[in-house]
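The structure appears below as structure tokens.
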Amino acid sequence: MAYSNDARKFYQDELNGIKEAGVFKEERYIQSPQAADISVEYPEGAPTKEVINMCSNNYLGLSSHPEVIKASHEGLDSRGFGMSSVRFICGTQDIHRSLEEKLTKFLETEDTILFASCMDANAGVFEAIFDDRDVLIADRLVHASIVDGMRLCKALNESFKHLNMDHLEKKLQTYQDARFRCIVTDGVFSMDGDTAKLDEMVALAEKYDAMVFVDDSHSTGFLGKHGKGTHELKGVLGKIDIITTTLGKALGGASGGCVSGRKELVEMCRQRARPYLFSNAMPPVVVAASNKVMDIIMSTTERRDKLENNTKFWRKGLTEAGFDLREGDTPIVPIMLYNAKLSQDMSRDLYDEGIYAIGFFFPVVAKGQARIRTQISAAHDIEHLEKALAAFTKVGRKYDILGKGKNEIIEMYGL
Amino acid sequence: MDEMEQVILDYVIDEYLEEEDEEEIGFDSPLISSGIVDSFSMVSLKTFLERKYNISIPDDKATPEAFDTVRNIAKVVREFTG
């Protein structure tokens, strides 16, 4: 037998090691559509429990929107279930191209190419565009998929301190001898909810002849006045050379991602990006529904406006209750707890109170930076947030952390 | 302490610590196992050393273990500077 007892024992020990380290991830079974109110079976076999979801990426509340569901049914009926092909053989339908065109128009770029996910877009884009004559200079907290994509590319992988523009400038000065320089950043950083200084980055890029790459997965659809993303918020529409983003969060949340930007760079992806060339075209049902999502968000800002108001309400409520929050104005609102066990204990108690919010700790965030990350949605009504606020306050009081800052919490619970 | 170790320590402090960081690091402080430097940002350090000392460090020598303290990093550099 090729899968020997030694091999099995090795992997069993590895998995036990993960469990002993307290970082074993378990999945909770949701027995309802994605929404503000969900039915959850947890632990496995337990009766389902109705809880308020405070940790999804369903920022615009479009994951189960009736018009989106209707469009997916129509797409299924008119274009079928699967493509059974990559895009360049026989996997491109008219609706794939129309979705790319809508994304281009919405993001105000030159062209767009769809990928199976934004993970795939990030894995493929760098290698398709850059080589060993180039240098990629990334914020140190960029998403793991960008790190992977950079590693797959022969360009020099450099980095700068999180949000530190002086450090970025030094790096740009150091590499003036490279063929191309590219500044790489997330638009909104998913663990902290803070925002890249894209205006300053574009200025530096112009000064030091560099391109700018932004992964805007946690802002496309709602950041900026029309929800176009971080580049709209920071006043640099049309100045970002490469945007990657996802259809798997605010834009309906099913799956899919894209590279959008300078038309030559997009075309290079179409010709050379390996995850694009070697994975199936997005399924018609998802593409049809995503087209509808784009129609909705381009016709009204109602949902991003509601999200903005919800976010303000939530941040204000938590602040007044005395929680230690990461500063910011995005719907990602981390409640800082610093101690990993405290984040797990509070998450469990919140679940008992009917609130689904997850604790994050090392290695997902830096050591000593454990937190509960909450994410606000336009699917939430104020009543949801009031109920959640009452539960957070009750649990916060139990652990006596209300009104306490970093040092006091660490003093009580350690790191 | 020698000059090379001081140069590397100064670089590490400037490159990886934030101004508000309270921790102090020395020649034997763990850098990677402590989380100050991760495998992604370690590339900056390797590139700095290669440019500064005009050497090329193969990837199999620039391991997280070999790069865990300033003193050990200096040892790796000396292997290639002769």
Could you pull out every residue, at least 5 positions away or on a different chain, whose amide H is within less than 5 Å of the one on A:ILE358? Hs are placed 1.01 Å off N in the peptide plane, and Pro or chain starts have none. A:ARG373
Once you wrap a convex hull around the alpha carbon atoms of the protein assembly as shown, what is its projected area averaged over all directions, in nm²? 26.4
Aspartates and glutamates whose Cα lies under 17 Å from that of A:LYS312, excluding same-chain neighbours fewer than 8 positions away: A:ASP192, A:ASP194, A:GLU302, A:GLU320, A:ASP324, A:GLU327, A:ASP329, A:ASP381, A:GLU383, A:GLU386
Using θ = phi - 60° and Karplus 6.51 cos²θ - 1.76 cosθ + 1.60, couplings along the range A:39-45 (whole Hz; Gly, Pro as x): 9, 10, 9, 7, x, 3, x
Shielding by partners, peptide B:33-46 (average Cβ within 10 angstrom, other chains): 4
per DSSP, antiparallel bridges as share of beta bridges in chain A, % nearest 5, sits at 55
In whole Å, what is the distance between the alpha-carbon centres of the range A:382-415 and the range A:214-282? 36
What are the semi-axes of the equivalent ellipsoid of the range A:308-354, taken as the square roots of 5 times the eigenvalues of the Cα gyration tensor, listed largest first and rounded to whole Å? 21, 13, 9
Exposure ranking of B:GLU3, A:GLU267, A:GLU101 by accessible area [1.4 Å probe, largest first]: B:GLU3, A:GLU101, A:GLU267
Just to confirm a number: summing +1 for Lys and Arg and -1 for Asp and Glu over residues other than A:SER255 whose beta-carbon lies under 13 angstrom from that of A:SER255, what do you get? 0
Determine the percent antiparallel among the DSSP beta bridges restricted to the range A:66-299, to the nearest 5. 40
Filtered trypsin sites (Lys or Arg not before Pro), the range A:27-71: DSSP coil and at most 15 other beta carbons within 10 Å: none
Where Rh is the Kirkwood radius over the Cα pairs of the range A:66-299, the temperature 37 °C and the viscosity 0.692 mPa s, what D in µm²/s does Stokes-Einstein return? 186
Please turn the phi angles of the range B:30-38 into ³J(HN,Hα) values with the Karplus equation 6.51 cos²θ - 1.76 cosθ + 1.60 (θ = phi - 60°), one per residue in order, whole Hz, x for glycine and proline. x, 9, 8, 5, 8, x, 5, 10, 9
Within the range A:281-341, which GluC sites (Glu not before Pro) sit in a loop by DSSP and count at most 12 neighbouring Cβ atoms inside 10 Å? A:GLU327
Would you please put A:76-87, A:115-126, A:159-170 in order of how densely packed they are, using the mean number of other Cβ atoms within 10 angstrom per residue and starting with the highest? A:115-126, A:159-170, A:76-87
Just in the range A:332-415: which trypsin sites (Lys or Arg not before Pro) are loop by DSSP and have at most 14 other Cβ atoms within 10 Å? A:LYS367
Between A:MET211 and residues 5 or more places away or on another chain, which pairs have amide H atoms under 5 Å apart, with H built 1.01 Å from N, and which residues are they? A:ARG181, A:CYS182, A:ILE183
Could you work out the relative contact order of chain A? I mean the mean sequence separation of Cα pairs under 8 Å and 6+ apart, divided by the number of residues, in percent. 21
Cα axis of helix B:70-81 to longest principal axis of chain B: angle in degrees, 0 to 90, nearest 10? 20
Crossing angle, helix B:3-16 versus chain B [Cα axis fit, 0-90 degrees, rounded to tens]: 50
Taking placed amide H atoms and a strict 5 Å upper bound, the residues 5 or more places from A:GLU41 or on another chain that come that close are A:TYR29, A:ILE30, A:GLN31, A:LYS49
Compute the separation of the alpha-carbon centres of the range A:137-189 and the range A:348-381 and state it in Å as a whole number. 29
What are the ³J(HN,Hα) couplings of the range A:21-38, residue after residue, when phi is run through the Karplus curve with 6.51, -1.76, 1.60 and θ = phi - 60°? Round to Hz, x for glycine and proline. 6, x, 10, 6, 8, 10, 9, 9, 8, 9, 10, 7, x, 5, 6, 5, 9, 10
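The values are calculated or read from the model by the stated rules, or taken from the named source; none is laboratory data. The structure presented is a predicted model; accordingly, all values stated were derived computationally and were not measured. Neighbour counts run over all protein chains shown; Cβ positions are idealised from the backbone, glycine included. Each accessible area value is taken on the protein alone, full model and side chains, heavy atoms only, with ligands, DNA and RNA left out. Shrake-Rupley method; radii C 1.70, N 1.55, O 1.52, S 1.80 Å.
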